[in-house]
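The values are calculated or read from the model by the stated rules, or taken from the named source; none is laboratory data. Everything numeric here is computed off the predicted structure, so don't read it as measured data. All Cβ positions, glycine included, derive from the backbone under ideal geometry; neighbour counts span all protein chains shown.
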Amino acid sequence: MAQEEQSTGSVFTDLDGTDADNQVNKWQRTFRLWRETLREHWGMLTDELSVKLSMLTVAGFMIVAIFAPYIATHQPLTRQYQGDDGILIDKWVEPSLLGADSEYLLGTTAEGFDIFSQLVYGTRAALMVGLIAAVFTAGIGTLVGLVAGYYGGKVDDALMRLVDFLYGMPLLPTVIVLVAVLGPNLWNIILALIVLQWRSTARVIRSQSLSLRERPFVKAAEVAGAGDWHIISRHLAPNVLPMTFLYGSFGIAWAILAEAGVSFIGLGDPNTVSWGTMLQASRAYSALSFGAWWWFVPPGICIGLLVISGFLIGRGYEEITNPKLQ
Amino acid sequence: MTGDDVLLEVDDLKKHFKVNQGWIASLMESFGSGGPDYVHAVDGVSFELREGETLGLAGESGCGKTTTGMSMVKLHEPTDGDIVYDDTRLSEASDAEIKQFRQNAQMIFQDPFESLNPRMTVYDTVAEPLRIHDIRNETARVQRALEFAELLPPEQYFNQYPHELSGGQRQRVAIARALVLDPDFIVADEPVSMLDVSLRAGVLSLLDRMTDEFGLSVVYISHDLSLLRHMCDRLAIMYMGKIVEKGPTERVIEDPQHPYTQSLINAVPVPDPSVGRERVELQGEVGDVIDIPTGCRFKDRCPEYIGDVCDQVMPPLEQKVSFEQEVACHLYESAEGYDPYEELDGSPAATETGQGTESTPADD
Amino acid sequence: MSQLEVEDLEVYYETEDGPAQAVDGVSFELEEGENVGIVGESGCGKTTLAKAIIGILPDAGYVNNGSINFQGDDLTELPEPQRRRLKWEEISMIAQSAMNSLDPVYTIREQIVEAIETHRPGTGRVESDEIVTEMFELVGLDPERADDYPHQFSGGMRQRAMIAMALALEPSLMLADEPTTALDVIMQDQILKRISSIQEEINSSMLVITHDVSVVAETCDRVIVMYAGKVAEEGPVEEIFDQPYHPYTIGLKRAFPNIRKSNQDLLSISGYPPELIDPPQGCRFAERCPMATDRCREEEPEAHLKNGLRSYCHYADEIDTELRPYADDPGTWNQTAAATDGGAEE
């Protein structure tokens, strides 16, 4: 093997026999690798003003979501009643923000729910859908893409045929069908989204993985004896990470839009309030013709803000994935 | 200086790549509309690598030298033929034996900018092979490897990323990575061609030191014959997937016998304006490596073409009577008793052509 | 009057950290029919110089000072339309990689004809076709294949098609930027031979830009050695190779292996070229020169005329007398390599 029979010895002969010194833990170093990568991304991302603002927006929404019970003035799905005797439902009340004499910041809905509280609690649904769907679609897509790109051949063919199949199905209609079948529940909506959305991430990560695989440093790892998983996790994954995050960010936006769409047509979760259900309700009760714009405009704005933020953060990642920079 | 022990033997290595067709064409072909096309990148290459020697694989682009080098470190699985290491045929080796082999066979690549994972520090890059093989003493070995590669002080480089280093430094890190496992041999694929000229000698001297001081064998792949003359003990010239001439460097360069080698050497420019050079007029281009012609592959361009025997009988690489190096050419008399003219009037089976071609040679 | 006179040319690039002085005070002359090679390593400014002469500097590049006089006109002062006219008709360029210069969706003929039409509008189709045929024959390509697409040509053939395109308007000055770097040895030999014979036939002058000293040795009459944006040495090719008067040239020469010689001691110059944004005060090469003195580090050297050569080294005279054997010895250089850091921080 390496040095035993060599009469000339080797560069390392005097080292063997000495104690193994500070062997840094394998996991520690892998963790550190990822941490450094993320830190570098962070720096580049936050360079861009639009990304900074977007991140603040998202952070703002997250705070609202976490502290919803403290921020909301009432319970979102509890009917509000007029006066102390509590008989008449406080419907169609005008918002106090606009100067009306009411205790509801944004007024109430046709069913007597406080709009402001609905808005606040709606943040939770939006973020839940957005983040969970994004994490899973980016995660599954990346995993599939890495495996397909790395192994190539039949594995790649099989996985990509699956992706092709999924591509054949239009997003919203399929989500609607799935939700209709599984039941109108926030989790089912999230599930339906995940089942379809990972396809685009998979495609893109696969092509990156294919080209990365041919680069000399991957071949060097192969020559050194690295196993498949080692190469995928330590060489391919960190280098496709920017793309993963990019698709993750876009995924947030798409997920929120999809949920809003599904809820809007009435397949939303009746037990949870979301901005989509608010829009649906406002349409059902013809808020527009009654001029109660304070019912549907705020949720619309919130959806818009969050979606745009998602996209802008994704765009920030485009800078990072720009090959010119590497 | 060089022992005569054979470290590794390449035995009739063949590597054919299927030309990408798409699945419809593949389907159609299973209905018999002709065989698939193969690029015969390496088509029957044999040589020995001895302990402590630097062997050059030379040739122009597409001749198969890089594919041969990569096959030697098992980055490619041979289509046919084998690599024999330590008396073991690698195609029959167990997984454990292959892993052991990988500790002893390393490679350096051409592009210093692509050789290192941009997300890994220098320390991690050089330490990785040690971790894969669970070798103790990691930090000390990494340090020593970096020292040997003249990246001093090593500690300064531990936490640097590739993009902070220059091309020359990156290549040195790649060398340190290749050396850290203390391999028996290294395949170096154009290791300095992308470096500035003034830096090349420094990097090459590292390889020299490894060979001289520690008995490392190096397979040096390049198209730059001037460099190969400077670095290598023995030289093999490749053309269209086969070796056409092989022997001690001095002999091959000073006294080339194969017409292709002669043209190649004549074509090399010399950094000396006072030296007149007989310009070579080699017509045509390198032949098609998919549809291999019968007989000698160089026949269409050879200025010394002698007739049917060149056209139909493929010359084997063998020892010839009048000189030291082995040559694959019908011009010279074989020292091994082989007579190509016998095959000329004989059966089609006598000629070897690459597999996958449809025509049966010598059938006219 | 020489055909091309570059005087004190300064070409800078705008960068985030300030202007990068890619070419910093370069002067030379080119006579009609002459073949001059510009040699240097990465970052020496040779490509920038070429681009400035042709007029294809990127947006961030600009001429800070100096002049480029071509047949009497100062190119730096010339307005755009006239500049464009000069391109291709008078000065044309053979780029490094033909692959990237030929448009894959047009045939070779179409591309050449387009070049002709752009610069000489009104040239009839018949005449243009004649020029194409003539050019193809000149570069050794079969004129029947003029209607092929670039991808149908091999690498060597594409390079020749590029040359044909560059010559179509019979320019008086040709710039060849690393014309053979991407080619195999045998193809390189053929192309070099072609270029030389073409040059003789149409009597144009040529500027060859390369890092390969052997190419220059074989094809050029004169050589300009550049380092870090400045000229290190300049002179007739035989003299420069025989007895150079600048340490960098001496070192560079010994860094190239010669296939005709055995047992060479190759030389390696330690360190890296200086930053172009904040170049050092004195001689640019002082950092890496084994014979540098304090004077070298502080004072920029002027031109010293020796033996028909122009050398920008304070000690050009001393090289003649005492220093040459010392400079010629690879040991001198490798000593510096061992002493200094194997790789300086970038």
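Residues that are within 14 Å of chain A (Cβ to nearest Cβ) and surrounded by 18 or more Cβ atoms within 10 Å (Cβ to Cβ) were ranked within segment B:77-92; the one that is nearest to B:LEU179 (Cα to Cα) is B:TYR85.
Identify, from the list A:GLY141, A:GLY152, the residue that is touching a residue at least 12 places away in the same chain (Cβ under 8 Å), of a type in the set (Gly, Ala, Ser) and surrounded by fewer than 17 Cβ atoms within 10 Å (Cβ to Cβ).
Going through A:GLY141, A:GLY152 in turn, the sole match is A:GLY152.
Screening A:TYR167 with (1) under 24 Å from B:ASP95 (Cα atoms); (2) in contact with a Lys or Arg (Cβ under 7 Å, 6 or more places away or on another chain) gives one miss only, at (1).
Tell me, please, whether a residue that is buried (at least 24 other Cβ atoms within 10 Å of the Cβ), closer than 30 Å to A:ARG35 by Cβ and hydroxyl-bearing (Ser, Thr, Tyr) can be found in segment A:201-222. Yes, segment A:201-222 contains a residue that is buried (at least 24 other Cβ atoms within 10 Å of the Cβ), closer than 30 Å to A:ARG35 by Cβ and hydroxyl-bearing (Ser, Thr, Tyr). Remark: B:VAL327 falls outside the filter, which requires a residue to be at the interface with chain C (Cβ under 10 Å from one of its Cβ atoms), among the β-branched types (Val, Ile, Thr) and either more than 23 Å from the chain's Cα centre (by Cα) or crowded, with 19+ Cβ neighbours inside 10 Å (or both).
Is it the case, given these coordinates, that B:VAL173 is away from chain C (no Cβ under 14 Å) and either in a helix (DSSP H, G or I) or touching a Cys at 6+ places or on another chain (Cβ under 8 Å) (or both)?
Working: away from chain C (no Cβ under 14 Å): no; either in a helix (DSSP H, G or I) or touching a Cys at 6+ places or on another chain (Cβ under 8 Å) (or both): yes.
Considered against the rule, which asks whether it is away from chain C (no Cβ under 14 Å) and either in a helix (DSSP H, G or I) or touching a Cys at 6+ places or on another chain (Cβ under 8 Å) (or both), B:VAL173 comes out as no.
Would you call C:ALA161 over 29 Å from B:TYR239 (Cβ atoms) and either assigned to a helix (DSSP H, G or I) or among the β-branched types (Val, Ile, Thr) (or both)? Step through it out loud before you land on a result.
Values: over 29 Å from B:TYR239 (Cβ atoms): no; either assigned to a helix (DSSP H, G or I) or among the β-branched types (Val, Ile, Thr) (or both): yes.
Answer is no for this residue.
Filtered by the rule that a residue be outside any loop (DSSP other than H, G, I, E, B) and out of contact with any strand residue (DSSP E or B) (no Cβ under 7 Å at 6 or more places or on another chain), segment B:73-90 gives a lone residue, B:THR88. For first residues located in segment C:291-312 and over 30 Å from C:ASP221 (Cβ atoms), partners that are modelled with pLDDT of 85 or more and of a type in the set (D, E, K, R) and lie 6+ apart or on another chain with Cβ distances below 9 Å form the pairs C:ARG297/C:GLU287. If you go through segment C:253-264 one residue at a time, do you hit one that is closer than 22 Å to C:ASP24 by Cα and touching a helix residue (DSSP H, G or I) at 6+ places or on another chain (Cβ under 8 Å)? No, segment C:253-264 contains no residue that is closer than 22 Å to C:ASP24 by Cα and touching a helix residue (DSSP H, G or I) at 6+ places or on another chain (Cβ under 8 Å). Considering segment B:94-140, and only residues there that are at the interface with another protein chain (Cβ under 7 Å from one of its Cβ atoms) and of a type in the set (Ser, Thr, Tyr), the residue that is surrounded by the most Cβ atoms within 10 Å (Cβ to Cβ) turns out to be B:SER115.
Of all the residues that make up segment C:99-115, how many are crowded, with 18+ Cβ neighbours inside 10 Å and closer than 21 Å to C:GLU130 by Cβ? Working first, answer last.
First pass over segment C:99-115, keeping only residues crowded, with 18+ Cβ neighbours inside 10 Å: C:101-102, C:108-109, C:111-113, C:115.
Filter once more, keeping what is closer than 21 Å to C:GLU130 by Cβ: C:108-109, C:111-113, C:115.
Here the count works out to 6.
Before we move on, is C:ILE259 of a type in the set (A, V, I, L, M) and closer than 24 Å to C:VAL26 by Cα? No: the conditions fail for C:ILE259.
Residues that are in contact with an Asp or Glu (Cβ under 7 Å, 6 or more places away or on another chain), farther than 14 Å from C:TYR227 by Cα and surrounded by fewer than 21 Cβ atoms within 10 Å (Cβ to Cβ) within segment C:33-49 comprise just one, C:GLU34.
The condition of being facing another protein chain (nearest Cβ under 10 Å), surrounded by 24 or more Cβ atoms within 10 Å (Cβ to Cβ) and not acidic (Asp, Glu) holds for only one of B:SER166, B:SER198, B:SER205, that being B:SER198. For segment A:98-134, a tally of residues being in contact with a helix residue (DSSP H, G or I) (Cβ under 8 Å, 6 or more places away or on another chain) and of a type in the set (Asp, Glu) returns 2. Scanning segment A:264-283 for residues that are assigned to a helix (DSSP H, G or I), closer than 29 Å to A:SER207 by Cβ and modelled with pLDDT of 90 or more turns up nothing. Strands (runs of 3 or more DSSP E) fully within segment C:1-119 that include at least 2 residues being over 27 Å from C:GLU218 (Cα atoms): C:4-13, C:20-30, C:61-70.
Checked against (1) surrounded by 23 or more Cβ atoms within 10 Å (Cβ to Cβ); (2) out of contact with any Ser or Thr (no Cβ under 8 Å at 6 or more places or on another chain); (3) in a strand (DSSP E or B), B:CYS63 passes all but condition (3).
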